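A short worksheet on the structure shown next.
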Amino acid sequence: MKKIYEKPVITKIQTGFMNKFGNSPYYARKIRKDIDGISINYLVENFGSPLFVISEKKLRQQYRKIYNAFSSRYPNVVFGWSYKTNYLQAVCATLHQEGAIAEVVSAFEYEKARKLGIKGENIIFNGPYKSLKALELAVKEGATINIDHFDEITDLEKVAEKLGKKIKVGIRINMDTGIQPQWSRFGFNLETGQALDAVKRIKAGNKLILSGLHCHIGTFIIEPEAYANEVKKMVQFKYEIEDNFGYSIEFLDIGGGFPSKNKLKGTYLPPDILIPSIDEYAEKITNALYENLKPGDFPKLILESGRAIIDEAEYLITTIHASKRLPDGRKAYVADAGVNLLFTAFWYKFSIEIDREVSGVNEPSVIYGPLCMNIDILDEGTFLPPLERGTRLIFSPVGAYNNTQWMQFIEYRPNIVMIMENGSVEVVREREDLTDIERREKLPEKLKIL
């Protein structure tokens, strides 16, 4: 069978060229033939491609590592699993088994947590939009509600009147912690006095009891000192409230935002060098607590870490469907997974591993997805050897936000499996088919084709 003619391209190769970390982009290979001892071939042959694969072992290890980093330094620590990061039942249930409570930001996520058997008293209800109906249910079931804006104070006062009781609440605050951009959309600003005004408003209404402070300074925060600044300001505000309004602030919820070992686009250093260890964050945060809290005062420290726990526990296997040469000379590959599945590809440059040994020199390559959209690019410039059709690529870490932000667009969403600690492989979300897409559609009688 004749090979298709391909116009030759001249690529400059610098023999022995190495970067400062000792790796040559022309000859380096990242090979992965299995995940937790289960071969890539077995996974694809039995569950299809593309395929998301979650490691139960890695998920539990990540949680324990982060929890131990804080609980070994401070005596009153609670983790609230961030549902928006990945709300697959299998993921949430695993982390609840490990001891995490639920942190939700919508009535939908609240319902998911309750369906899993999480009691209201073990749910933190955050977010800028909470309907009166959702608030009333959360109050009745004893959830921790962190108020986002003044209108929500009014809404909760209505619920208090209806139920005939005072309601314990927390308020979300935002502040300058020395990093940019400053997350000022959510909660009440500390520096402008808005947060203090919220406390005065709650006191004047006399229907709510302020019992906690919540703050989330951003996402993928690579400066541990920012958390130390956050904690210092929260503790100072806690004592200002207690001294002037008579409330007892029982918890300080410092949110999440800890980074995973993913690589942000635009950063030069690899994650192993750029990203601080979780112990560095824990040390900064707990030291700030001890330096600013009064002796013997140990309010509950709540953390809502998501990305740092799940991201590195999940992989995406995708298969090369076709290859072509772009006008600028770059090699391009078409894979069976795109940004419909890897939404975070817009921000992260994932680790890409090949499922087999491949001979040949690496060259700058683009990996496209299957969508009929020009923006469907998984990687716009990675060094790859000549890949045959059917070669599988393994992307990681992909556990954070991809399974909650993925889209049913052009292609069906695939199977998700979890490799259990005992070595078995369980489907935790089935591949979609047409019935999933059309189940809620209604076709008017006059439009039906006879």
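Side notes on the structure shown:
- Calculated SAXS-style log₁₀ I(q)/I(0) at q = 0.20, 0.29 Å⁻¹ - the range 318-375, Debye, Cα scatterers: -0.89, -1.46
- Along its first, second and third principal axes, ordered by size, the range 362-450 spans 58, 41, 25 Å in Cα coordinates.
- Amide proton proximity set for residue 147, modelled H, under 5 Å, gap of 5+: 170, 171, 172
- Calculated FRET value between residue 5 and residue 261, using beta carbons and R₀ = 51 Å, to 0.05: 0.75
- Rule-of-thumb Rg ratio for the chain [Cα; 2.2 N^0.38 Å; N residues]: 1.12
- Rh (Kirkwood; distinct C-alpha pairs) - the range 51-123, Å: 12.9
- With only the Cα atoms considered, the range 97-172 has a convex hull volume of 82 Å³ per residue.
- Of every Cα-Cα pair in the range 296-431, the percent that sits beyond 17 Å: 63
- Near residue 219: Cβ cut-off under 13 Å, other residues only, Lys/Arg at +1 and Asp/Glu at -1. The net charge is 0.
- Taking 18 Å as the cut-off, the amide N atoms of the range 262-286 that come nearer than this to a point 7 Å along the Cα-to-beta-carbon line of residue 72 belong to 276-286.
- The range 198-320 - convex hull of the alpha-carbon atoms, volume per residue in Å³: 151
- Isotropically averaged projected area of the range 126-305, using the convex hull of Cα atoms (one quarter of hull area), nm²: 11.1
- Listed pairs 238/294; 2/331; 166/200; 2/324 exceeding 19 Å between Cα atoms: 2/331
- Rounded to the nearest 0.05, the FRET efficiency derived from the C-beta distance between residue 298 and residue 321 at R0 = 51 Å is 0.35.
- Within the range 366-450, trypsin sites (Lys or Arg not before Pro) in DSSP loop having at most 10 other beta-carbon neighbours inside 10 Å: 439, 440, 442, 448
- Other residues whose C-beta falls under 9 angstrom from the C-beta of residue 179 contribute a net charge of -3, scoring Lys and Arg +1 and Asp and Glu -1.
- Here the chain is treated with +1 on each Lys and Arg Cβ and -1 on each Asp and Glu Cβ, and its dipole about the Cα centre works out to around 700 debye.
Readers should treat all values here as calculations from the given coordinates under stated rules, not as data from a laboratory. Please read these numbers as outputs of a predicted model, since none were measured by experiment. In this analysis, Cβ positions are derived from the backbone assuming ideal geometry, glycine residues included, and neighbour counts consider all displayed protein chains.
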